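Structure, as structure tokens:
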Amino acid sequence: MAISSVFGLYSYTLGVELITKTFPNFPSWALVVCTILSILQLVAVALLWMWKKIGFYIIIVMAIFTASLNGMLLGSVGVGGTIMVIIGVIGVGILYLAMKSVWNNFK
């Protein structure tokens with residue numbers, strides 16, 4: 001998650017030109033929102049490393065928000081947009097299963 005957050009942060013700040021070439025109708029406000037989401041995900045991962053439950057809750061809220069945003073922005077792409085939404089939900093499920101056995105250790 002940390003690696004994907006750093007990659008997303010890089011993509012949405014320094015890779016804007018490639019995004020706008022690939023998706024010419026991609027709204028500029030979405031780049032700002034995606035940058036903020038990448039930063040928040042990095043913070044949430046850091047909180048998980050510090051054994052804080054709030055990190056997991058932030059990831060859940062962000063997954064819902066990101067799924068909505070991807071559905072709105074990439075929905076016109078068709079199957080690709082749907083797959084991105086499904087992957088986000090599956091990721092939260094995998095994280096939950098990985099954390100389930102040590103949940104009592106989180107503060």
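General remarks:
- Of all residues making up the range 76-94, the number that are under 13 Å from the mean Cα position of the chain (by Cα) and modelled with pLDDT of 80 or more: 3
- Taking the conditions (1) within 16 Å of Phe65 (Cα to Cα); (2) at pLDDT 85 or above in turn, Val45 satisfies each one other than (1).
- The range 8-23, residues that are surrounded by 10 or more Cβ atoms within 10 Å (Cβ to Cβ) and either more than 18 Å from Asn70 (Cβ to Cβ) or hydrophobic (A, V, I, L, M, F, W, C) (or both): Leu9, Tyr10, Thr13, Val16, Leu18, Ile19, Phe23
- Apart from one condition, Phe26 fits all of (1) surrounded by 13 or more Cβ atoms within 10 Å (Cβ to Cβ); (2) part of a helix (DSSP H, G or I); the exception is (2).
The values are calculated or read from the model by the stated rules, or taken from the named source; none is laboratory data. Please read all numbers here as calculations on a predicted model, not as lab measurements. Positions of Cβ are backbone-derived with ideal geometry, glycine not excepted, and every protein chain shown enters the neighbour counts.
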